[in-house]
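The values are calculated or read from the model by the stated rules, or taken from the named source; none is laboratory data. This structure is a prediction, so every number in the text was calculated from the model and none was measured. Every residue, glycine among them, receives a Cβ derived from its backbone with ideal geometry; neighbour counts consider all protein chains shown.
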């Protein structure tokens, strides 16, 4: 049995979310007149929140966002594309290097390979945009497969350089994402 206080709180939260989501989507459409909106497949699970609040956010948040984007797509002819967000916040948009420690803080992205610096959300958004026209952008691909493709691409780019730097070798040998290639890089002097 739910209390009236809980019902009021849920209603207030739903109203707030719906208002903000609609306001933001309307502003994006008005300011930028996009032909396509690329968005990550949303998952609102947060381990710091209660099971009940996670369920509430997940059910309602997804529904409102999907409904508003569908309405904008129908009204303005905007194409809405959903992509798998796996590793977009850890991948450098400049060189393609994937590493957990590329994102040193919530707001800052600094690539440990090429030194590229930007706001973490900007880097992630650029990766999501690129992913919309990429084979790994499918929301149905699993995280492990996406990581394998990203690592393979980076290694391929690295092999095309005349000779990888010793610091690049050390960086790769310390990165667990590249463990399938460790033997290969240990041979390089």
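Among the listed residues 146, 155, 128, 136, which satisfies the condition of being crowded, with 17+ Cβ neighbours inside 10 Å and without any contact (Cβ under 8 Å) to a residue 40 or more places away in the chain? Of the residues listed, the single one that is crowded, with 17+ Cβ neighbours inside 10 Å and without any contact (Cβ under 8 Å) to a residue 40 or more places away in the chain is 155.
With the requirement that a residue be touching a helix residue (DSSP H, G or I) at 6+ places or on another chain (Cβ under 7 Å), part of a loop (DSSP other than H, G, I, E, B) and farther than 23 Å from residue 169 by Cβ, what does the range 107-148 give you? Spell out the reasoning first.
Within the range 107-148, the subset touching a helix residue (DSSP H, G or I) at 6+ places or on another chain (Cβ under 7 Å) is 107-113, 131, 136-137, 146-147.
Keeping just the survivors that are part of a loop (DSSP other than H, G, I, E, B) gives 107, 111-113.
Correct list: 107 only.
Across the range 48-57, the qualifying residues are those that are assigned to a helix (DSSP H, G or I) and over 16 Å from residue 16 (Cβ atoms), and the one among them that is modelled with the highest pLDDT is 51. Restricted to the range 89-125, and to residues that are touching a strand residue (DSSP E or B) at 6+ places or on another chain (Cβ under 8 Å) and touching a residue at least 40 places away in the same chain (Cβ under 8 Å), which residue is nearest to residue 167 (Cα to Cα)? Only one residue fits best here, namely 97. Selection over the range 69-103 of residues that are out of contact with any helix residue (DSSP H, G or I) (no Cβ under 9 Å at 6 or more places or on another chain) and more than 26 Å from residue 28 (Cα to Cα) gives a count of 1. Residue-level check: of (1) more than 15 Å from residue 91 (Cβ to Cβ); (2) surrounded by fewer than 16 Cβ atoms within 10 Å (Cβ to Cβ); (3) in contact (Cβ under 8 Å) with a residue 40 or more places away in the chain, residue 168 misses just (2). Across the range 1-47, the qualifying residues are those that are surrounded by 12 or more Cβ atoms within 10 Å (Cβ to Cβ) and farther than 16 Å from residue 66 by Cα, and the one among them that is modelled with the highest pLDDT is 34. Can you work out which of the residues in the range 25-42 that are out of contact with any helix residue (DSSP H, G or I) (no Cβ under 9 Å at 6 or more places or on another chain) and not in a strand (DSSP E or B) is farthest from residue 76 (Cα to Cα)? This residue is 41. From (1) within 19 Å of residue 39 (Cβ to Cβ); (2) modelled with pLDDT of 95 or more; (3) within 13 Å of the chain's Cα centre (by Cα); (4) not assigned by TED's automatic domain parsing to the domain that holds residue 172, pick out the condition that doesn't hold for residue 125. Residue 125 satisfies every listed condition except (4).
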